[in-house]
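For reference, the structure is listed below as structure tokens.
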Amino acid sequence: MARLSVNINKIATLRNSRGGNNPDLLQVAKDCDRFGAQGITVHPRPDERHIRYNDVFELKKIVTTEFNIEGNCEEQKFVDLVLASKPEQVTLVPDILGQITSNHGWDTITNQAYLQDIIKVFKDAGIRVSIFVDPVIEMVEAAATTGTDRIELYTEAYATQYTQNKEQAIAPYVKAADVAHKLGLGINAGHDLDLHNLKYFAENIPALDEVSIGHALISDALYYGLENTIQMYLRQLA
């Protein structure tokens, strides 16, 4: 069964909108762990508009499951943060400055030498590495040469197409995951997965290790409550 890592960026966004500490990000992380989540994900950005860099160090002290930090490794500040906090996993995302949300995977062919070098930095520190990739066979094959432990399949295209034709939507992900698995890569997935499309995705990607879900899960929690929502998502992965 794939593990569920809850991205708590949106909790930080809500906190930051009024200042102070309501909602309490650390308490939410503790509660996610207590309610059954198998990991906590954060994606700090240079402007700290949601997760602040200091949050990362405080979360590291209290997260009892897997701590996953996503971000752009081309920013030295991010690299330094990860090396100083030493999460269980770092997910490398090719964001640009000011980007609202991640919207594409690495070109693992063009950036192969760079990725090999930066991945070694994190692995030498004992941190598992995952890199964000689109469901393109050539990109998955090149990812396997970088030294990464896992890939994270960028699932926005799947989520967008799911209601029109779910078989067509999942097809490139099945192929990409099959290649990744054969090449010895672990498989994570994330972006726009939700209660409607998650089960079908997980059923069709049997080698799936982990999903990272934030926006949809936190939005659902407004209606269903955080504990109930986490259980609902876990049932989709069962």
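Structural remarks
- When both the stretch 181-206 and the stretch 149-173 are represented by their alpha-carbon centers, they are found 8 Å apart.
- Shape category assigned to the stretch 1-91 from the gyration tensor of Cα positions, a/c cut at 1.5: oblate
- Out-of-range pairs (alpha-carbon distance over 25 Å; input K86/K199; K10/K30; K86/K182; K61/K182; K120/K175): K86/K199; K86/K182; K61/K182; K120/K175
- All Cα pairs of the stretch 99-238, percent lying beyond 17 Å: 60 percent
- L237 accessible area, assembled protein chains, probe 1.4 Å, Å²: 10 Å²
- The Kirkwood radius of the chain, taken over pairs of alpha-carbon atoms, gives through the Stokes-Einstein law at 4 °C and 1.567 mPa s a diffusion coefficient of 73 µm² s⁻¹.
- Per residue, the accessible area of the chain comes to 44 Å² when a 1.4 Å probe rolls over the protein heavy atoms.
- Per-residue ellipticity at 222 nm computed for the chain from its helices equals -14000 deg cm²/dmol, with DSSP H segments shorter than 4 residues left out and the rest contributing -39,500 (n - 2.57).
- The coefficient of translational diffusion for the stretch 157-238, derived via Stokes-Einstein from the alpha carbon Kirkwood radius under 37 °C and 0.692 mPa s, stands at 247 µm²/s.
- For the listed peptides 10-19, 181-190, a ranking on the average number of other beta carbons within 10 Å per residue, highest first, reads 181-190, 10-19.
- Lys, Arg +1 and Asp, Glu -1 on Cβ, resulting dipole of the chain about Cα centre, debye, nearest 20: 540 debye
- Figure note: Y223, Y154 ranked by solvent-accessible area, largest first, 1.4 Å probe, ligands and nucleic acids not counted: Y223, Y154.
- The stretch 13-149: radius of gyration and largest Cα-Cα distance (Dmax), Å: 15.5, 47
The values are calculated or read from the model by the stated rules, or taken from the named source; none is laboratory data. Nothing here was measured: the structure is a model prediction, and the numbers come from that model. Cβ coordinates were reconstructed from backbone atoms using ideal geometry, including for glycine residues, and neighbour counts include every protein chain displayed. SASA here: full protein model, heavy atoms, side chains in, ligands and nucleic acids out. Shrake-Rupley method; radii C 1.70, N 1.55, O 1.52, S 1.80 Å.
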